[in-house]
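Notes follow once the structure below has been shown.
The values are calculated or read from the model by the stated rules, or taken from the named source; none is laboratory data. Keep in mind it's a predicted model, so treat the numbers as computed, not measured. Backbone-built Cβ (ideal geometry, glycine too); neighbour counts: all protein chains shown.
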Amino acid sequence: MTNTVSDEALDILFRKARTHNGWLDKPVSDDVLRQLYDLMKWGPTSANMSPARILFLRTPEAKQRLLPALSPNNADKTMAAPVTAIIGHDTKFYDHLPRLFPHNQDARSWFANSPQFAETSAFRNGSLQGGYFILAARSVGLDCGPMSGFDNAKVDAEFFTGELAAVKSNFLCNLGHGDPSKLFPRSPRFEFDEVCKVL
């Protein structure tokens, strides 16, 4: 089987990509963040619901608003990162389905009439988009430091209010150019036969 993606690209996206905890003092432009989103948005979601909502925190003021929600071991690396993205999902994504899923104008009712189904679908598909986000970031030359280790309720109360009140945070992702001197040896991964079965 011939790869349709080069070995170099596979290394960038997967094999040699690392989760970074230290950052070089190099800025990330708005243009690069737009490029990231313009790749990420094409990943598939159920009924094209596209529930992910992203806040890119770059200014010291925005980072200070996030700081009280961070666990202590995540604070320094997050403050040092050029950008920290809050990856959230809109629990009322279904209001946009008439536009995003135009060939079935009944799609909104599938979710609007079932809050639990809507919440589960928003979280699942927003998480999918979070994975696309990481791959898109790596594709445009950025390193990533995705993480939990924060208080979701505090983040939501601080950042997702008013017109964003239906958005719930999922995870954080520091972005920038990683400092390779801060990396520790790569952790092992499972082999295929340990975690996969073909039935």
Query raised in the report: Quick one: in region 150-185, which of the residues that are of a type in the set (Lys, Arg) and farther than 17 Å from residue 130 by Cα is surrounded by the most Cβ atoms within 10 Å (Cβ to Cβ)?
Result: 154
Report summary line: With criteria (1) more than 21 Å from the chain's Cα centre (by Cα); (2) among the small types (Gly, Ala, Ser); (3) surrounded by 13 or more Cβ atoms within 10 Å (Cβ to Cβ), residue 122 comes up short on (1)
Query raised in the report: Would you say residue 187 is more than 16 Å from the chain's Cα centre (by Cα) and hydroxyl-bearing (Ser, Thr, Tyr)?
Result: yes
Query - region 181-193 residues that are at negative phi, paired with ones that are of a type in the set (S, T, N, Q) (beta carbon under 8 Å, 6 or more apart) - result: 182/21; 183/21
Requested in this report: Report those helices (runs of 4 or more DSSP H) wholly inside region 23-90 carrying at least 2 residues which are of a type in the set (A, V, I, L, M), over 14 Å from the mean Cα position of the chain (by Cα) and at pLDDT 95 or above.
Outcome: 60-66, 72-80
**Report entry** Residue list for region 107-149, filter: in contact with a strand residue (DSSP E or B) (Cβ under 8 Å, 6 or more places away or on another chain), assigned to a helix (DSSP H, G or I), farther than 11 Å from residue 52 by Cα and not hydrophobic (A, V, I, L, M, F, W, C)
**Finding:** 138
Report task. Could you tell me whether region 86-99 includes any residue that is touching a helix residue (DSSP H, G or I) at 6+ places or on another chain (Cβ under 8 Å), over 17 Å from residue 144 (Cβ atoms), aromatic (Phe, Trp, Tyr) and in contact (Cβ under 8 Å) with a residue 40 or more places away in the chain? Result -> yes
Report summary line: Contact list, first residue from region 48-73 and more than 23 Å from residue 28 (Cβ to Cβ), second anywhere and crowded, with 21+ Cβ neighbours inside 10 Å and of a type in the set (D, E, K, R), beta-carbon distance below 6 Å, six or more apart or interchain, is 51/90
